[in-house]
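This report refers to the structure that appears directly beneath it.
The values are calculated or read from the model by the stated rules, or taken from the named source; none is laboratory data. The structure displayed is predicted, hence computed values, not measured ones. Cβ atoms come from the backbone with ideal geometry, glycine included; neighbour counts cover every protein chain shown.
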């Protein structure tokens, strides 16, 4: 048999001597310490770009979620503030309207009562027919008529105090402007109300009524003596 195998027989010493120092250093550095290749750098750049895109999408999603939450908070605040404001306004408005309604109802009731009283007083005055009086009942009927008139005057004055609209002058009672010559064409009692005219007429006719009553009494006494 031949001699033992020697591995050094297949190594070319001249080739090993001619290898570049860079290749020898790369081989000696090992895979953990060698510089990254271009492909590796491009791969890392692509990975970083992908992560940045994902982070940007996540940021946009968080921005939209934050805007939605901000709008929800604003609407909740608007609801709370509006509810408090409307509760206060409605409570105050209901109180004022209820008070005004009570006052209006009370005024309407008083006005209805005044209307009924005035109609009753007018009916009583219209029911007095002095043309039917006789000598026997003249004094009694006259006293009764004056009492009816005085009661009507009291009702009228009471209504005027309660309702100012009754004291406002009517178009017929409105004062007429005097002409340039200074002479007034308005009637002498045009500015007086009906109640004032009644009182004035009563004051003017009362003495005549007394004289008439005295004359009637005297006539009755003379007739009784006969």
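Of the residues that make up the range 151-161, is at least one at pLDDT 90 or above and not in a helix (DSSP H, G or I)? Checked the range 151-161: no residue is at pLDDT 90 or above and not in a helix (DSSP H, G or I).
Is there a residue being more than 28 Å from residue 212 (Cβ to Cβ), surrounded by 12 or more Cβ atoms within 10 Å (Cβ to Cβ), more than 25 Å from the chain's Cα centre (by Cα) and modelled with pLDDT of 90 or more anywhere in the range 134-146? Taking every residue of the range 134-146 in turn, none turns out to be more than 28 Å from residue 212 (Cβ to Cβ), surrounded by 12 or more Cβ atoms within 10 Å (Cβ to Cβ), more than 25 Å from the chain's Cα centre (by Cα) and modelled with pLDDT of 90 or more. Only one of 104, 108, 100, 121 is in contact with a helix residue (DSSP H, G or I) (Cβ under 6 Å, 6 or more places away or on another chain), at pLDDT 90 or above and not assigned by TED's automatic domain parsing to the domain that holds residue 213; which? When all the criteria are applied, what remains is 121.
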